[in-house]
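The structure appears below as structure tokens.
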């Protein structure tokens, strides 16, 4: 009797989510619908679910194709596109220094949270696939150092060597910024067009996300059982707890230091943060956020520089998530990373997490690239896919909060914040 009631309840849940998805034309609702459906298939038909892995693998392969061109385009535009920092003067370097300090702190908060909860431990991976894992512990210090430098950029792209692509892109951006305007503009236009194209490319691939997520959930539950759902719930709670801790322990003290008018600030950011949380896109909230910061006293010239730059270099929620999720994958794979190896991973993420705030779930692109760079299996990422929409909502909202605060910090630092 209880089983029948449970089955009826599940059918009602699927019908409700499916109806919402159809009525609202919402990709997020469809992702949830296919996630639940995939879990049902994995639980009741495990052998069939194992065959669905090909769909999730195809989806992840499409995601991986985005990594190199997206990073190249966004980093080159982020560096060479702001070559007018000399004219902006102090505001430029102050912004960049602040961005790096805060995002690094976010990475360490994520690292501390996942090491505290150990949400990935206890997951049993497929033995055959786990045998392909090559722990980073076998690398010497010189190997790790030399691994940063590309000998052939085409080879680096083909092998998915994300750190080498980033190093090349940074040097290319610096070199481009040093050229005179006439020679710099064509290449900068190309890089900007490339990055915008890859954003649209990501949007197209994300239309396949419901199928990829459903297949991944079915395979995960079919191969690992329902126990994996407990690990995923633990990961989700770890992320939300870490984001709250970051806001309370990092952003609030910064606000106290600069004497932020908290009441006005919270009222101003409520709308853009809500938009970011609902749409999982920082870019969708950008116009509202810029307008809100002007209204509370940040000069337009500072808002116009700090916030767009921050959307490339100040992704607090995304960087925290990436450090947390990367270590989760290692824990799930049974690979014990030493603190020094985790710090190297953090250093990698400091560079690779730039420029992807505008696209929903684009951080999945960076996560896959980082996992591949550290020779970790992609299998645990299949599991993360199932709850990525819920995680993306929270981290995107924190991205917006962090960028709004950054504009006030720079305005206060420059002595140009207009107090009423």
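Sort through 333, 394 and tell me the only one that's within 12 Å of the chain's Cα centre (by Cα) and at pLDDT 80 or above. Give the steps one after another, and end with the answer.
Working: 333 fails: within 12 Å of the chain's Cα centre (by Cα).
The unique qualifying residue is 394.
Regarding segment 63-70, can at least one residue be identified that is at pLDDT 80 or above and outside any helix (DSSP H, G or I)?
yes
Might you check whether a residue that is loosely packed, with under 14 Cβ neighbours inside 10 Å, out of contact with any helix residue (DSSP H, G or I) (no Cβ under 7 Å at 6 or more places or on another chain), more than 25 Å from residue 313 (Cα to Cα) and at pLDDT 70 or above occurs anywhere in segment 25-47?
So far as segment 25-47 goes, yes, one or more of its residues are loosely packed, with under 14 Cβ neighbours inside 10 Å, out of contact with any helix residue (DSSP H, G or I) (no Cβ under 7 Å at 6 or more places or on another chain), more than 25 Å from residue 313 (Cα to Cα) and at pLDDT 70 or above.
Would you be able to say whether some residue in segment 208-227 is assigned to a helix (DSSP H, G or I), within 24 Å of the chain's Cα centre (by Cα), within 26 Å of residue 364 (Cβ to Cβ) and free of Cβ contacts under 8 Å to residues at least 60 places away in the same chain?
No, every residue in segment 208-227 fails to be assigned to a helix (DSSP H, G or I), within 24 Å of the chain's Cα centre (by Cα), within 26 Å of residue 364 (Cβ to Cβ) and free of Cβ contacts under 8 Å to residues at least 60 places away in the same chain.
With the requirement that a residue be part of a loop (DSSP other than H, G, I, E, B), within 28 Å of residue 31 (Cα to Cα) and touching a helix residue (DSSP H, G or I) at 6+ places or on another chain (Cβ under 6 Å), what does segment 150-207 give you?
160
Could you please find all residues in segment 395-420 being surrounded by fewer than 21 Cβ atoms within 10 Å (Cβ to Cβ) and closer than 19 Å to residue 266 by Cβ? Can you show your working first?
Step one: filter segment 395-420 for residues surrounded by fewer than 21 Cβ atoms within 10 Å (Cβ to Cβ), giving 412-416, 418-420.
The answer is 412, 418, 419, 420.
Exactly one condition in (1) modelled with pLDDT of 80 or more; (2) surrounded by fewer than 18 Cβ atoms within 10 Å (Cβ to Cβ) is not met by residue 135; state its number.
(1)
Within segment 397-420, count every residue that is free of Cβ contacts under 8 Å to residues at least 60 places away in the same chain and either assigned to a helix (DSSP H, G or I) or under 21 Å from the mean Cα position of the chain (by Cα) (or both).
So the count comes out to 0.
If we scan segment 329-350, do we find a residue that is more than 30 Å from residue 229 (Cα to Cα) and touching a residue at least 12 places away in the same chain (Cβ under 8 Å)?
no
Across segment 345-365, which residue is nearest to residue 110 (Cα to Cα) among those that are modelled with pLDDT under 75 and in a helix (DSSP H, G or I)?
350
Which ones in segment 379-391 are over 12 Å from the mean Cα position of the chain (by Cα) and part of a helix (DSSP H, G or I)?
Scanning segment 379-391 gives 379, 380, 381, 382, 383, 384, 385, 390.
Looking for whichever is modelled with pLDDT of 85 or more, within 23 Å of residue 325 (Cβ to Cβ) and surrounded by fewer than 21 Cβ atoms within 10 Å (Cβ to Cβ) here; the options are 179, 236. Which one fits?
Step by step, each of 179, 236 is checked, and only 236 is modelled with pLDDT of 85 or more, within 23 Å of residue 325 (Cβ to Cβ) and surrounded by fewer than 21 Cβ atoms within 10 Å (Cβ to Cβ).
The values are calculated or read from the model by the stated rules, or taken from the named source; none is laboratory data. Fair warning: this is a prediction, and the values are worked out from it, not measured in the lab. Neighbour counts are summed over all protein chains in view; Cβ atoms, including those assigned to glycine, are modelled from backbone coordinates with ideal geometry.
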